[in-house]
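J.: For reference, the structure I am asking about is given below.
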Amino acid sequence: MMPLVRSLAVVVTLLLAGCTGGDDAQPDETGTAPTQEQPMPLEELPEDTPALGEIIPAPVRAAGDESGNFELTGQTRIRVDSDGSGARRAAEYLAELVEPATGFALPVVDDGGDAEPGRAIVLRDGDELPEELPEGGYVLDITAGEVALAADSADGFFSGVQTLRQQLPADVEANERVDRTWGIAGGRIVDHPRFGYRSAMLDIARHFFEPEVVKRHIDRLAQYKINHLHLHLSDDQGWRIEIEGWPKLTEIGAATEVGGGPGGYYTQEEYREIVAYAADRGITVVPEIDMPGHTNAALISYPELNCDGSNPEPYTGTHVGFSSLCIDSDRTYEFLNDVISQIAELTPGPYLHVGGDEAEATGEADYARFFERVLPMVTGAGKRPVGWHEYGQVDLPEPAIVQYWRIESEHPDTTASAESGNSIIMSPANKSYLDMKYNDGDPWGNDWAGAVDVRTAYEWDPARFLTGVGEASVHGVETALWTELVESESDIERMMFPRLQALAEVGWTPQQDRDWESFQRRLATQAERMDKQGIDYHPTPGVNW
Ligand code: TNX
């Protein structure tokens, strides 16, 4: 990833007002706080306040300064000194995050709104930052009087907010008020991601999950600076999104899931809400319609999509590779044109994932002919195609992204794609598949890629996994949670956490700064945070919980 030099970095000075002896006076109705004394550093940080930088993912640089310890009180203002780059929304998000536990309804004020000394904020441009801010980066300056978060992108602001959240004591994750002192260790964090694309895939096709579950999932991902959510919206076992003009997809295709449960789907409205909810937390949704295989649910809904017009049976098992859309029928492309254009319209993000994996019931030449017709639909709808690495055998347009999911370290098609300029998302199953067992003896989880314990998920380098696919070709990393064996929200949590934290750090922190001992120590401190959020995580052996 090339760091972009920005001429102007906008600055949000987020938390103002400082320590006035633990005074948590609330602002009056105009949003103006009582006059303040000069903010004093919080000399004694409460013991459970994380040291600067003791967060996940580890920041690029953190330099503590005890004279700058900050106290968050009811007088603190969140002051937005910029707009147009997500700063305002990130500020509101921070206020929402801290309110339940602190009981403080922190006002979000604009520059020029409240200019009281000691609480008004600084407008600084990039020239005042000591160094250039790489893409997605932020700088956090924590002093007794204020906390200043400087960024020049929505991504940077959201990431800075998540850092601040983890620098507060774990009590901040409680959903009831905790009466206490809220300290933040003083100092400066200069931070930016290794990869701009840090993603988690959730398969809602094998088992369906209601919008509420997905929204909670989004909340949980966001705290570790995951900024993309890939939704696997269709497979043999279920079609999960309403498509206008094709009502049987949801009447018939959505009514099944693995194991015979009721299935389900999102209306377009519900899908839009999920996408907006994610965007409000700094996450871009990447929708996937898997094709030309993994399509039994579509094929039972519309028999005309089968070459012989036959009507296959609904499928609720876990095998793959037996279904295919009819490659030489115009009806197939009328169907896909509607699906692709509607999903593109519903999704503001730049990506549309077309699957392409395990198309064992589609001949090789058919497969290529199929994607030669489908990829222009995606680019024509203004989206950047993403596909599982099998589609790399096709002549891909330049913006197309290849997602590598196998466990082998050689894959000539993917290497060739990288050589011809296509970016690669790394999700090797033996490192990043969260449907795998943690340990061989586990009662739950798949095992075709071997057990993936937390250390395995942590100790790998996405730019050294696949021959011929180095740092410059890696678009980012993605974890995948396939849900053949995942039936409940608590199953999702147990399979995700704490491997998600490991993958989040793989995607964020420079390789040379990553080290298992440090990670393991920081991970242990996440236990209390996860407990307070009600996350049913896997208490992995080898971590000093
Ligand atoms: C392979 S990885 C699949 C999925 C399964 C998964 C189970 C990939 C692109 N395809 O269809 O759910 O293995 O681990």
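The values are calculated or read from the model by the stated rules, or taken from the named source; none is laboratory data. Only a predicted model underlies this, so the values are computations on that prediction, with no experimental measurement involved. Methodologically, a virtual Cβ is constructed for each residue, glycine included, from the backbone with ideal geometry; neighbour enumeration extends over all protein chains shown. Ligands, DNA and RNA are excluded from the accessible area calculation, which covers all protein heavy atoms including side chains. Shrake-Rupley method; radii C 1.70, N 1.55, O 1.52, S 1.80 Å.
J.: If you count the DSSP beta bridges with both ends in the chain, what percent of them are antiparallel, to the nearest 5?
T.: Of all bridge pairs located within the chain, approximately 45 percent are antiparallel.
J.: Another question about this same structure. Tally up the carbon and sulfur contribution to the accessible surface of the chain as a whole percent, 1.4 Å probe, everything protein left in place.
T.: 47
J.: In nm, what is the difference between 0.36 nm times the number of residues separating residue 368 and residue 408 and their Cα-Cα distance?
T.: 12.1 nm
J.: Here's something else I'd like to know. Over all pairs of distinct alpha carbons, what does the Kirkwood formula give as the hydrodynamic radius of segment 119-273, in Å?
T.: On the way: mean 1/r = 0.0532 Å⁻¹.
Result for segment 119-273, one decimal place: 18.8 Å.
J.: Separate question: Given R₀ = 51 Å, what would the calculated FRET efficiency be for residue 252 paired with residue 44, taking r from the Cβ atoms and rounding to 0.05? Mind showing how you got there, number by number?
T.: Working: r = 64 Å, r/R0 = 1.26.
After rounding, the FRET efficiency stands at 0.20.
J.: Can you compute 3J(HN,Hα) from phi for each residue in segment 521-527, using the Karplus curve 6.51 cos²θ - 1.76 cosθ + 1.60 with θ = phi - 60°, rounded to whole Hz and x for Gly and Pro?
T.: 5, 5, 5, 4, 6, 7, 4
J.: Calculated from DSSP H runs of 4 or more alone, at -39500 (n - 2.57) each and per residue, what is the 222 nm mean residue ellipticity of the chain, nearest 500?
T.: -8000 deg cm²/dmol
J.: Let me ask you something else. Specify the inter-centroid distance of segment 420-492 and segment 332-369, based on alpha-carbon positions, in whole Å.
T.: One Cα centre to the other: 24 Å.
J.: Along the Cα→Cβ direction, 7 angstrom out, place labels at residue 420 and residue 215. What is the inter-label distance in nm?
T.: Label at residue 420, label at residue 215, 4.4 nm between them.
J.: What accessible area per residue comes out for segment 197-512, rounded to a whole number of Å², with a 1.4 Å probe?
T.: Spelled out: the 1.4 Å probe surface of segment 197-512, per residue, equals 33 Å².
J.: May I ask you to derive the relative contact order of segment 466-545, considering only C-alpha pairs under 8 Å and at least 6 residues apart, and to give it as an integer percent?
T.: Relative contact order of segment 466-545: 35 percent.
J.: I'd like to compare 228-237, 340-349: which one has the highest average count of other Cβ atoms within 10 Å, and what's the full order after that?
T.: Highest to lowest by the protection proxy: 228-237, 340-349.
J.: Here's something else I'd like to know. With all protein chains present, calculate the accessible area of residue 326 using a 1.4 Å probe and round the result to the nearest 10 Å².
T.: Per-residue accessible area (residue 326): approximately 10 Å².
J.: Which aspartates and glutamates does residue 248 reach when only Cα atoms under 17 Å apart count, and residues fewer than 8 places away in its own chain are ignored?
T.: Partners found: 235, 236, 257, 304, 313, 334, 338.
J.: Put 72, 45 in order of accessible area, largest first, 1.4 Å probe: what do you get?
T.: Most to least solvent-accessible, the answer reads 45, 72.
J.: Quick one: length gained pulling residue 455 to residue 273 fully straight, 0.36 nm per residue minus the C-alpha distance?
T.: Taking 0.36 nm per residue and subtracting the Cα distance, the gain is 62.0 nm.
J.: Also, I was wondering about something else. Hey, what did the chain get for relative contact order, percent, Cα under 8 Å, at least 6 apart?
T.: Reported relative contact order: 14 percent.
J.: Looking at the calculated P(r) for the chain, what percent of the C-alpha pair distances fall above 44 Å? All intermediate terms of the calculation are to be shown ahead of the outcome.
T.: Numbers: 27963 of 148240 pairs.
Beyond 44 Å sits 19 percent of the P(r) for the chain.
J.: Antiparallel as a % of all DSSP beta bridges within segment 197-512, to the nearest 5?
T.: Around 5 percent of the beta bridges assigned by DSSP in segment 197-512 are antiparallel ones.
J.: Please compute the contact order of segment 197-512 in relative form: average sequence separation of alpha-carbon pairs under 8 Å and at least six residues apart, divided by the residue count, as a percent. All intermediate terms of the calculation are to be shown ahead of the outcome.
T.: Details: 683 pairs, mean separation 53.6, N = 316.
It comes to 17 percent, rounded to a whole number.
J.: So which lysines pass the test for residue 383, namely a Cα distance under 25 Å, with those fewer than 8 places away in the same chain ruled out?
T.: 215, 225
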